[in-house]
Amino acid sequence: MEKRTSKKLSEKFKLACGCFPKSQLEPDTRYLKMAATLKPNAPEIRKAAQEFINYLNKAVTPFHATQEVKERLIQAGFKELPESGHWDIQPTSKYFVTKNRSAILAFAVGGSYKPGNGFSIVVGHTDSPCLRVKPISHQKSEKFLQVGVSTYGGGIWRTWFDRDLSVAGLVIVKNGEKLQHKLIDVKKPPNTEIELRPILETFAAAGINAPVKEDPKGEYDPRSIVSNHHTQFLGLIAKEAGCQPEDIVDLDLYLYDTNKAAIVGLEDEFISGARLDNQVGTYTAISGLLESLSAPAFQSDPQIRIAACYDNEEVGSDSAMGASSAFTEFVLRRLSAGGSTTAFEEAIGKSYLISADQAHAAHPNYPAKHEENHRPTFHGGVCVKTNVNQRYATTATTHAILKQIAFEAGVPLQDMIVRNDSPCGSTVGPILSTKLGLQTIDVGCPQLAMHSIREFADTSSIFQATTLYSTFYERLATVLANIQ
């Protein structure tokens, strides 16, 4: 990212926003990389999209997404903090903390930060609609072994039929008196989806495999799940976890489509893949944070820059690792410690949150589904989502602030609302805005086929969103200081 400097607010933008004074806000266009002028096949666009796809193909569950983010942060010099330990936060230092291994909150402390200063926050979520293995999964029908699954979130389940599915997730195994967490990804498709009961194998094939031996002592062990799953299925999971089936105490497994995400289209301008909602938000939030730290402004930033990726958004966020929990408030209070008794409350008034979750692009086959004057298009920029009934947290003030930041970043914005006769979805934006009193805006990159097993987006979005969030982290303190 090239250096951005500021001089004065343009008269055109001043008239559009109305809430900023004449001040040193306009970036010097000699140094400005205009994301809006880049074509979909530009090298910068293609590089950002390909790097995202590399991440997406590994982030097959919330656990794997969090692990991928964690590895990126460690590589960038971030230090992991234990949730249950003491934190010693220092200016210009970088940290992260995880919850349930499926949610992660990363933060970089500006060089001029003092308790009571604000937070610059971008949030996404790590989960997507999917099928998850039941606690007791063994099923059979017509001489086929099947795996029982539960539907998670509001998926378009018909798109899961006749797919080559594999399984991945978290396995907890016993090792003496210790319980160890193992992240597994089978990768090889062991089953096909038929009526939401994945077929594992036939009875004939099952007879080829030797059964798992029962506990030789014949004693009841409440930790054992051997009888809850088909021998062949549990054996496959144990092999991936590097243990014996009888050592598995519990598991949290997700099914996913083994067909990898790819860049497609005549001009290589589309991204086709699973979990775009909302791995795009998670990836670009983290990428924007990392990119912003290379600029000199971080050394004098009075804010703490935060990227948070929550779990369970698709089912309402009501969990310890979801946005509805007190986890975010606990973290922000710990970051505000050391100042006055009202340092946390003072910080909230100096903070701003971007909720980054995917947006519905106008579909060429169903244009009437969108409100006539609000039809987001591919390559048209990041969408700002507004709903006067507060399904989104965007306000006129938060929208104006982001407009100024987008102007400096050279990133186009699009407006999105739903039709009056259509129900409107929601995000973690209103949840966090309500619980914390944060000024918040809801945004997202445009996509088609949301909640399908395979979704469809444009390549430009990754570069545009990353650039927008990086500039947001760099410039928020200055923009907020110039609001009248």
Å² per residue, accessible surface of region 298-406 at 1.4 Å: 41 Å²
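What percent do you get for the relative contact order of the chain when only Cα pairs under 8 Å and 6+ apart count? Walk me through the numbers on the way to the answer.
On the way: 1055 pairs, mean separation 109.3, N = 484.
After rounding, I find 23 percent.
May I ask you to derive the relative contact order of region 335-484, considering only C-alpha pairs under 8 Å and at least 6 residues apart, and to give it as an integer percent?
Working: 235 pairs, mean separation 49.7, N = 150.
Result for region 335-484 is 33 percent.
Mind jotting down a quarter of the surface of the convex hull over the alpha carbons of the chain, in square nanometres, one decimal?
Working: hull surface 101.3 nm².
The orientation-averaged projected area of the Cα hull of the chain comes to 25.3 nm².
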Scattering curve values for region 301-375, log₁₀ I(q)/I(0), Debye with Cα scatterers, q = 0.19 Å⁻¹: -0.90
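If you take every DSSP beta bridge whose two residues both sit in the chain, what share of them, in percent to the nearest 5, is antiparallel? Walk me through the numbers before you get to the answer.
Values: 58 of 82 bridges.
Expressed as a percentage, antiparallel bridges in the chain total about 70.
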37 °C / 0.692 mPa s Stokes-Einstein diffusion coefficient of region 214-354, Kirkwood radius on C-alpha pairs, µm²/s: 161 µm²/s
For region 349-484, alpha-carbon Rg and Dmax in angstrom: 14.8, 47
Calculated from backbone phi, Karplus (6.51, -1.76, 1.60) coupling profile of region 463-476 in Hz, x at Gly/Pro: 5, 5, 5, 4, 5, 4, 6, 4, 5, 4, 4, 6, 10, 4
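Could you grab the Rg to Rh ratio for region 89-181? Cα atoms only, Kirkwood for Rh. Intermediate results must be reported in sequence, preceding the final value.
Working: Rg = 21.1 Å, Rh = 18.1 Å.
On the Cα set of region 89-181, Rg over Rh gives 1.16.
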The chain - percent of accessible surface contributed by carbon and sulfur, probe 1.4 Å: 50 percent
Volume in Å³ per residue [convex hull over Cα atoms, computed for region 271-424]: 158 Å³
Size descriptor, Kirkwood hydrodynamic radius, that averages inverse alpha-carbon separations across region 410-472, Å: 14.1 Å
3J(HN,Hα) from dihedral phi, region 155-171, Karplus parametrisation 6.51/-1.76/1.60, rounded to Hz, x for glycine, proline: x, 8, 5, 4, 6, 8, 5, 6, 10, 7, 9, 10, 9, 8, x, 10, 10
Euclidean distance between Cα centres, region 148-173 to region 229-276, Å: 9 Å
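The values are calculated or read from the model by the stated rules, or taken from the named source; none is laboratory data. Because the structure is predicted, anything quoted here is derived from the model rather than measured. What goes into the accessible areas is simple: the full protein's heavy atoms, side chains included, and nothing from ligands, DNA or RNA. Shrake-Rupley method; radii C 1.70, N 1.55, O 1.52, S 1.80 Å.
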